[in-house]
Amino acid sequence: MSEQDGLPVLPHLAGEFYTWLWWSSEVQGAVFSLPDPVGQIELWVDERLAFRNADDTKVTAVMTGEAPSTSLEARAALAGGKVLNDLRVGIRRDDREFTVTLKGPAMHITGAKLPQVMSEGIDEVLYDRMFLYGELSLVLAALYDTFAEKRVSAAWESEVLPGLRRWIGGEL
């Protein structure tokens with residue numbers, strides 16, 4: 001365990017979270033039902049996946065372009081023991097669409113693209129953008145909470161891991 005920004009970082013959790021998001025988005029058809037106040041969202045893997053070796057911190061393979069998550073190379077990287085280090089996702093909540101990259105073991109939010117603001121005036125635009133960033137943060141926190149609940153449950157070993165392994169192996 002290392003420290004980043006004064007908080008303990010468990011490097012395996014980010015990679016597991018990113019992989020779980022990718023797997024869940026494909027298995028569930030991109031639909032996630034999250035606890036209130038978030039509700040239902042759509043999530044898909046967007047234009048970037050970055051992998052690292054499990055025992056290293058440096059990125060060793062990056063896949064970009066249209067739908068890299070559907071490529072054989074992406075699944076082969078997981079099957080070969082590589083760990084997701086960066087994951088770019090698209091999120092739709094109601095009529096608002098966001099894209100964001102989750103990066104590294106500390107799950108930094110980078111490259112966030114928020115829905116277009118229709119307000120006029122600098123104050124209104126600023127408040128709207130703050131609201132949208134807060135909404136994105138709320139959705140990401142709800143996704144992580146959902147993952148964490150599953151990760152510490154008995155279902156992780158009995159259902160989730162076997163499902164992930166079959167998916168990585170191309171059986172789903």
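The values are calculated or read from the model by the stated rules, or taken from the named source; none is laboratory data. All of these numbers come straight from a predicted model, not from anything done at the bench. Cβ coordinates were reconstructed from backbone atoms using ideal geometry, including for glycine residues, and neighbour counts include every protein chain displayed.
So the values come out like this:
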| read-out | value |
| --- | --- |
| Selection count where residues are in contact with a Ser or Thr (Cβ under 9 Å, 6 or more places away or on another chain) and assigned to a loop (DSSP other than H, G, I, E, B), scope the stretch 58-71 | 1 |
| Filter result for Ile109 (in contact with a Phe, Trp or Tyr (Cβ under 7 Å, 6 or more places away or on another chain) and at negative phi) | no |
| Among the residues listed as Pro105, Pro8, the single one being within 14 Å of Tyr144 (Cα to Cα), outside any helix (DSSP H, G or I), at pLDDT below 90 and not aromatic (Phe, Trp, Tyr) | Pro105 |
| Residue match in the stretch 103-120 (condition: surrounded by 14 or more Cβ atoms within 10 Å (Cβ to Cβ), polar (S, T, N, Q) and within 27 Å of Leu164 (Cβ to Cβ)) | no |
| Residue within the stretch 71-84 that is surrounded by 12 or more Cβ atoms within 10 Å (Cβ to Cβ), within 17 Å of the chain's Cα centre (by Cα) and not aliphatic (A, V, I, L, M) present | yes |
| Answer from Arg129, Arg92, Arg165 - the residue that is free of Cβ contacts under 8 Å to residues at least 60 places away in the same chain and touching a strand residue (DSSP E or B) at 6+ places or on another chain (Cβ under 6 Å) | Arg92 |
| Lone qualifier among Thr146, Thr60, Thr101 - being under 30 Å from Glu171 (Cβ atoms), of a type outside the set (A, V, I, L, M, F, W, C) and touching a residue at least 60 places away in the same chain (Cβ under 8 Å) | Thr146 |
| Residue in the stretch 11-51 that is surrounded by the most Cβ atoms within 10 Å (Cβ to Cβ), counting only those that are of a type in the set (D, E, K, R) and in contact with a Lys or Arg (Cβ under 6 Å, 6 or more places away or on another chain) | Asp46 |
| Failed item, numbered, when Trp20 is tested on (1) modelled with pLDDT of 95 or more; (2) part of a strand (DSSP E or B) | (2) |
| Filter pass, Asp46 being of a type in the set (D, E, K, R) and farther than 23 Å from Val152 by Cα | yes |
| Leading residue by the ranking (nearest to Thr101 (Cα to Cα)) among those in the stretch 112-137 that are among the small types (Gly, Ala, Ser) and not in a loop (DSSP other than H, G, I, E, B) | Ala112 |
